[in-house]
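Reading through the structure tokens given below for one structure.
The values are calculated or read from the model by the stated rules, or taken from the named source; none is laboratory data. Since we're looking at a predicted model, the values are computed, not measured. Don't worry about glycine lacking a Cβ; one is built from the backbone with ideal geometry, like all the others, and counts go over all protein chains shown.
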């Protein structure tokens, strides 16, 4: 699956990116993780509070740093 | 009741008296009260927030009439979070949704000023009356300031070319049940309090020292605030202090007890929250300096007016 982290480079966005990476390691398998820093691209997702988490083109969360269990739950839901 | 409990602890149990007692007593009383109220108020606000995130606000404001937009944007500013790092996506996102520039600024003024930390601190330090006055004037300032900026037709000063979107926004729906909302609010509260408690302790610590040891004459003489320049001076001093609001506000409480005029104190606190240098630096990437200057100018002017008005009424 394709996982995108939307954020213009603030501390919270980096924190989320790190957590997503750990979550992906835990669930295993090949997944593409991309950090989207271009503000125009972020706006295409209609997200205005960063960090945002997008899985396979669908916005899953905005404006907060999820913890690792939440991210794993989200990703598992998607792989079903 | 809490006061009596702390009294009996410091006087009877520790056997303190005089200045030492008044300092220690004040420190314990204030820290526990502030931290308790911070936790409660931040939790309540962040719980409300799980129902209205920023994306929801944007979808709701889209296509509303201008006056109604100013009022709503200012009110939404109370519950939505504001972090200067998300100022850019927020600003551009609003413009993209064809929300007028002035309405966007109403939100941008109200959101940091009426943030949950400021409200919790004001409430625990000054009581509900001053908190209500602060929020009331804050909302008024956001509406009037945003309206004034909207009148100036400054759209040309947005440096990035934002294409207005076609049609209506669809809300991003993220469904949560009560338990998830409560957990999310608690996590948020915990993170925030963890970040600011030390500032509260330091602020109250210095405050307690002033409370016990610095004579009122000294404060009245140097920070009394009845000279004409004290309000603008308070605003200028407030600008660089944004990140330390949690530590500065307990100090302001002590200064007012010792004779600083309340209007001056109110201006000082509004300047701390509403005008922040980091926010200006970030906005500089997408807005012309002139527009940021006007934004700061209008808000600063409004805050100074609030200060004078208050000092005048209460005299």
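For this structure, a couple of remarks:
- Taking the listed residues B:49, B:19, the one that is modelled with pLDDT under 85 and within 17 Å of residue B:117 (Cβ to Cβ) is B:49, with no other qualifying.
- Subset of segment A:41-61 that is over 15 Å from residue B:180 (Cβ atoms) and in a strand (DSSP E or B) - its residue that is farthest from the other protein chains (Cβ to nearest Cβ): A:55
- Cβ-Cβ distances below 6 Å connect the following pairs, each with a first residue in segment B:118-143 that is closer than 21 Å to residue B:106 by Cβ, a second residue that is at pLDDT below 90 and outside any helix (DSSP H, G or I), and a separation of six or more residues or different chains: B:135/B:114; B:138/B:114.
- Residue B:3 meets each of the listed conditions (1) crowded, with 18+ Cβ neighbours inside 10 Å; (2) in contact (Cβ under 8 Å) with a residue 24 or more places away in the chain apart from (1).
- Residue ID - surrounded by the most Cβ atoms within 10 Å (Cβ to Cβ), chosen from residues in segment A:62-80 that are facing another protein chain (nearest Cβ under 9 Å) and part of a loop (DSSP other than H, G, I, E, B): A:64
- The sole residue among B:61, B:38 that is buried (at least 21 other Cβ atoms within 10 Å of the Cβ) and within 16 Å of the chain's Cα centre (by Cα) is B:38.
- Lone unmet requirement of (1) surrounded by fewer than 18 Cβ atoms within 10 Å (Cβ to Cβ); (2) in a loop (DSSP other than H, G, I, E, B) for residue A:12: (2)
- Across segment B:131-152, a minimum of one residue is classified as more than 12 Å from every other protein chain (Cβ to nearest Cβ), out of contact with any helix residue (DSSP H, G or I) (no Cβ under 9 Å at 6 or more places or on another chain), closer than 30 Å to residue B:246 by Cα and at pLDDT 85 or above.
- Scanning segment A:1-40 for residues that are more than 14 Å from chain B (Cβ to nearest Cβ) and more than 13 Å from the chain's Cα centre (by Cα) gives A:25, A:26, A:27, A:28, A:29, A:30.
- Residues that are within 12 Å of chain A (Cβ to nearest Cβ), over 20 Å from residue A:65 (Cα atoms) and in a loop (DSSP other than H, G, I, E, B) within segment B:53-112 comprise B:62, B:97, B:99, listed in sequence order.
- Looking at B:79, B:28, B:34, B:109, just one residue is farther than 25 Å from residue B:159 by Cβ and touching a residue at least 60 places away in the same chain (Cβ under 8 Å), and that residue is B:34.
- Some residue of segment A:18-33 being under 30 Å from residue B:98 (Cβ atoms), touching a residue at least 12 places away in the same chain (Cβ under 8 Å) and in contact with a helix residue (DSSP H, G or I) (Cβ under 9 Å, 6 or more places away or on another chain): no
- Flag for residue B:189 being assigned to a helix (DSSP H, G or I), surrounded by 13 or more Cβ atoms within 10 Å (Cβ to Cβ) and modelled with pLDDT under 80: no
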